[in-house]
């Protein structure tokens with residue numbers, strides 16, 4: 001297909017430059033790398049694996065039927081990375097120190113004009129040190145949590161498996177499915193020995209349609225996911241003692257037992273529509289739109305292994321729309337990307353013992369992202385831009401009356417300079433500045449984060465090799481304590 005040949009040509013030229021950036025995140029505490037089913041995936045300003053700015057419709061929608069036309073090359077990608085975080089200033093239940101280890105292998109094969117396969121495996125190890133009481137890995141992401149009375153470290157280990165099959169039923173219709181499965185085990189280093197096990201399954205199905213002139217692409221995605229989580233506090237010399245939290249202001253002591261277990265079973269689904277239109281209004285302008293709805297229910301019980309008590313039922317619903325405009329009259333020299341995201345999130349949670357609502361949350365997010373990529377010289381590629389996010393939050397708890405009604409903003413700007421030293425060697429430098437309004441549980445109004453990355457890429461007879469070093473520092477209003485991180489990653493692809 002012509003669309004495939006043109007994309008291959010563009011991709012081959014772009015992989016000659018190693019460009020890098022950071023992941024947009026609403027959290028300052030580092031991302032925990034073990035596999036999880038996020039109800040909504042945060043948009044990245046760039047495709048990390050393929051080292052390029054300018055997201056495809058697959059990146060925005062994760063419709064497997066758009067993968068083959070978005071990534072038309074065969075690629076084998078290998079990456080290993082290590083990150084170290086020192087959290088001098090942190091929330092109550094955050095780790096004081098964190099180490100992340102990751103090994104990732106991804107293979108993309110176009111077996112024919114009709115069949116595209118993606119297979120991947122990833123192994124993560126995360127060590128959270130000096131964690132106060134919490135037995136949860138992501139305490140502030142949950143409405144119902146469990147704690148003990150100790151401060152210690154917990155190590156999490158687990159593999160993730162990914163498989164995608166994209167089949168072109170005709171030259172204009174693609175059918176595809178994608179499977180993500182992950183298992184993770186965690187163990188606390190002191191008694192009560194808390195053991196955790198998490199299993200996540202995600203199934204995606206998609207269909208895409210390409211117009212006769214190949215300027216319009218339509219897509220439809222359906223998603224099903226399921227997760228089971230178990231947390232066990234185990235007796236040592238005395239019975240285990242654990243506490244169940246309802247939100248952030250109410251807790252209940254569990255009866256001491258030889259083993260206290262928290263069961264957390266969740267399931268959900270999603271449906272999305274996508275569209276891309278090339279030469280929209282005038283030549284060189286591309287419009288991308290994705291919109292959808294997703295929902296999830298979460299049932300939590302705690303107590304004995306044989307007869308746990310119901311603690312809560314939590315429902316989350318999200319309506320989301322993304323619009324992207326890309327102006328690239330000459331994609332080899334310059335392009336301008338603008339992206340707008342609207343997201344409406346609604347939560348409510350009921351007590352497990354009484355059929356009454358005990359918590360509600362409503363958030364309206366508006367995010368604007370602008371990125372400009374251009375060649376200053378023949379071998380000098382520059383990416384610069386920024387984003388602004390306003391998140392209006394209305395969070396309420398009813399057992400102990402509490403209300404948080406405020407609009408929190410994020411503002412960020414970055415500059416990425418990539419230099420192709422010669423035909424086989426490229427280097428890049430990235431600088432980033434971000435300010436974030438913090439939620440009430442931070443005990444600070446605002447944080448400012450400075451980050452940088454330095455890397456190089458070299459072409460060899462075995463493929464391309466890349467190495468990068470990342471560092472960041474976060475300061476908080478009203479305190480002189482600073483959080484710091486440093487990381488290194490090695491990659492090879494061909």
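The values are calculated or read from the model by the stated rules, or taken from the named source; none is laboratory data. Given the structure is predicted, the values throughout are model-derived calculations rather than measurements. Cβ sites come from the backbone with ideal geometry, for glycine too, and all protein chains shown count toward neighbours.
Out of the strands (runs of 3 or more DSSP E) lying entirely within region 356-429, which hold 2 or more residues that are farther than 28 Å from residue 322 by Cβ and modelled with pLDDT under 95?
Hits in region 356-429: 357-377, 402-422.
Quick check, is residue 79 modelled with pLDDT of 85 or more and surrounded by fewer than 21 Cβ atoms within 10 Å (Cβ to Cβ)?
Yes.
Looking at region 219-242 only, could you name the residues that are in a strand (DSSP E or B) and surrounded by fewer than 18 Cβ atoms within 10 Å (Cβ to Cβ)?
Hits for region 219-242 are 220, 222, 224, 226, 228, 230, 234.
I'd like to know if region 260-278 contains one or more residues that are assigned to a loop (DSSP other than H, G, I, E, B), touching a residue at least 24 places away in the same chain (Cβ under 8 Å), closer than 20 Å to residue 323 by Cβ and in contact with a strand residue (DSSP E or B) (Cβ under 6 Å, 6 or more places away or on another chain).
yes
Within region 460-474, count every residue that is surrounded by fewer than 17 Cβ atoms within 10 Å (Cβ to Cβ) and either within 22 Å of residue 411 (Cβ to Cβ) or in contact (Cβ under 8 Å) with a residue 40 or more places away in the chain (or both).
Residues that pass the stated criteria total 3.
Report, by residue number, each residue of region 441-485 that is outside any strand (DSSP E or B) and touching a helix residue (DSSP H, G or I) at 6+ places or on another chain (Cβ under 8 Å).
Once the filter is applied, which keeps residues that are outside any strand (DSSP E or B) and touching a helix residue (DSSP H, G or I) at 6+ places or on another chain (Cβ under 8 Å), region 441-485 yields only 441.
Any residue at all in region 206-216 that is part of a loop (DSSP other than H, G, I, E, B) and without any contact (Cβ under 8 Å) to a residue 24 or more places away in the chain?
Among the residues of region 206-216, at least one is part of a loop (DSSP other than H, G, I, E, B) and without any contact (Cβ under 8 Å) to a residue 24 or more places away in the chain, which makes the answer yes.
Would you please list the contacts, defined by Cβ atoms under 6 Å and residues six or more apart or on different chains, that run from a residue in region 55-76 that is crowded, with 23+ Cβ neighbours inside 10 Å to a residue that is part of a helix (DSSP H, G or I) and modelled with pLDDT under 85?
Short answer, once both residue conditions are applied: 66/57.
Given the condition modelled with pLDDT under 95, over 30 Å from residue 480 (Cα atoms) and part of a strand (DSSP E or B), answer yes or no: does some residue in region 67-74 qualify?
Within region 67-74, not a single residue is modelled with pLDDT under 95, over 30 Å from residue 480 (Cα atoms) and part of a strand (DSSP E or B).
Checking the structure you have, find out if any residue of region 344-352 is within 30 Å of residue 421 (Cα to Cα) and more than 28 Å from the chain's Cα centre (by Cα).
no
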